[in-house]
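In what follows, a single structure is set out as structure tokens and then discussed.
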Amino acid sequence: MLLNRPTFRWIHELMDRFNSSIICIRLGPSTNVIAVSSPDLACEFFKKQDEIFCSRPYHLSTFLISDGYLATALSPSGEQWRKMKRVLSREMLSSPTHKWLQPKRDEEADKLLRYIYNQIKKQDSVLDGGLINVRTVTQHFCGNTMRNMIFGTRFFGQGMDDGGPGDEEIEHVAALFAIMKHHFAFCITDYFSWLRRKTDFDGHEKKLRTAIEVVRKYQDPLVNERIQMWKMELERRNELMIATIDNPSNAVEWTIGEMITKPMILKRAIEEMDRVVGRDKLVEEQDLPQLNYLNACIKEAFRLHLFSPFLPPHVSTMDTTVAGYFIPKGSHVIVSRYRLGRNPNVWADPLRFDPDRHLLGEGKQMVMSDIQLRMLSFSTGKRGCPGMMLGTAMTTMLLARMVQGFTWEIPCNEGYVDLAESRNELCLARPLMVVAKQRLPSYMYPK
Ligand code: HEM
């Protein structure tokens, strides 16, 4: 593992070498890690035998992040996980709560327009339009929205005059991403547990502890304030912040990049926006289901450009046989979302960004999930994502406002946009820097 970083690429190379869509790797003395990359096998694990594969591993990283396995996504199956999942599904992420929190999301969608608009105005005299770091915009939109919904404040500090993030928000978002990158990240000591007592072998633990400290520095005072107010226990709220920030921001950054390099896709998204919403009103959440093509662009980004290569490990709770393979109790099953979405036996010309492949024909609304598990954006079954409604609304709204509010172009001094994928992660190797120009009359950009 030390010689073959990043581990996710090494595992995919092994699958290629053995020409198999299922392989078992023994990591450390006793952990069977079973990597899977075909929809048929994914259905066997997550549909036919979902009940058996619904636990999570006991890893140091997840222990630290979740305060001892208290959070839903990170806790092994058992009473704590069931309770937290119930609270999330029935209360925090339920339809009534989603509706109740809509004004917070609307506020952030308005602030997004204003922030990009201000950046353009700052640069307009030099450039025709403004050079925008799309990664900063998308990540902070997600961070601000979640802070606003969870803590009732979009900023921990003062923010910037142009509406952009201040030092506090930059540090907070960077720490959340550091946590994302280091959980379920094949930390050596998770498989050789005796090393844990001696040393932080690959440096994961230190990076995680530092990031968790930063997140708590900002979040805990607000949580404690509420505890004081309500005189009752509240769970720490790292999880929800982490769950929301990665995929929506990454998917939209990639989509803008793909649209700029394939102008016909951007043109069709704009035409649809003008036809369905028009130019004299801003797109709102209730318009989103009618924006079929825009939704297909997001689904295509989820097929090709998810933030994490694998689903979090699903641990088997008993010995079983799946598709003829014996799977011992305690195995870690990791399904490759990366390979499912790029599987040439399933998708024609899989590496081409082509939203049309998701359109179902005249008058039919596109659906975000794929019941045959040919791609796994939100997963399915007992461990399926309870935040699908919120995640979809945030991702689509982010893209919708960016498409409606601005035209997006390659910087003329560059001549092209580099869409190379990072080697160590699945994001763009370099943050997307592109030129945005105002598309609507100035009075349409909310103050
Ligand atoms: C575009 C946005 C999102 C995507 C693509 C996404 C995707 C996923 C995936 C793939 C899983 C793992 C499922 C598995 O292990 O099989 C998951 C789990 C989870 N997600 Fe999301 N998610 C998104 C947004 C959200 C949001 C907004 C929340 C809540 C605020 C959320 C909360 C959770 C939780 C709590 C779990 C753990 C479920 C469990 O272990 O039982 N997600 N999500």
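If you filter region 176-276 for chymotrypsin sites (Phe, Trp or Tyr not before Pro), then keep DSSP loop positions with at most 11 other Cβ within 10 Å, what is left? Write down the numbers at each step before the final one.
Working: sites: 177, 184, 186, 191, 192, 194, 201, 218, 230, 254; in loops: 184, 186, 192, 201.
Nothing satisfies the criteria.
With the contact rule set at Cα under 8 Å and sequence spacing of 6 or more, what percent relative contact order holds for region 7-444?
Working: 639 pairs, mean separation 102.0, N = 438.
Once normalised by length, the contact order is 23 percent.
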Exercise for the section: Round to the nearest 10 and give me the degree value, 0 to 90, for the angle of helix 238-261's Cα axis relative to the longest principal axis of the chain. Expected result: 60
Fill in the blank from the handout: Measuring from the longest principal axis of the C-alpha atoms of the chain, the long axis of helix 263-276 (C-alpha) lies at a number of degrees, nearest 10, equal to 70
Exercise for the section: Could you tell me which of rounded, prolate or oblate describes region 199-325, using a ≥ b ≥ c as the square roots of the eigenvalues of the alpha-carbon gyration tensor, with rounded for a/c under 1.5 and, failing that, prolate when a/b is larger than b/c and oblate otherwise? Expected result: oblate
Handout entry: Between region 107-160 and region 325-400, the alpha-carbon center distance in angstrom
Key = 29
Handout entry: Whole-Å distance, taken between Cα centres, linking region 68-100 and region 172-197
Key = 23
Practice task
Kindly provide the helix-only [θ] at 222 nm of the chain, computed as the sum of -39,500 (n - 2.57) over DSSP H runs of four or more divided by all residues, to the nearest 500 deg cm²/dmol?
Solution key: -14000 deg cm²/dmol
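Measure up 181/207; 99/217; 48/329; 207/329; 104/299; 181/382 against 21 Å on the Cα-Cα distance and list the ones that go over. Before the final figure, lay out the partial values.
On the way: 181/207 10 Å; 99/217 30 Å; 48/329 17 Å; 207/329 31 Å; 104/299 25 Å; 181/382 24 Å.
Violating the 21 Å Cα-Cα cut-off are 99/217; 207/329; 104/299; 181/382.
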Problem - region 391-403 - phi-based ³J(HN,Hα) in whole Hz, Karplus 6.51/-1.76/1.60, Gly and Pro as x - result: x, 5, 4, 5, 5, 5, 5, 4, 5, 4, 5, 5, 6
Problem - In region 144-201, trypsin sites (Lys or Arg not before Pro) in a DSSP loop with at most 16 other beta-carbon atoms within 10 Å - result: 198
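Which whole-number percent of Cα pairs in region 274-388 have a distance greater than 16 Å?
On the way: 4491 of 6555 pairs.
Pairs farther apart than 16 Å: 69 percent.
Wrap a convex hull around the Cα atoms of the chain, take a quarter of its surface area, and give that in square nanometres. Spell out each step's value before the answer.
Working: hull surface 89.8 nm².
Averaged projected hull area, Cα only: 22.4 nm².
Rule-based calculations on the coordinates, nothing more; no lab input. Being a predicted model, the structure only gives us computed values, none of them experimental. Heads up, the Cβs are rebuilt from the backbone with ideal geometry, glycines too, and the neighbour counts pull from every protein chain shown.
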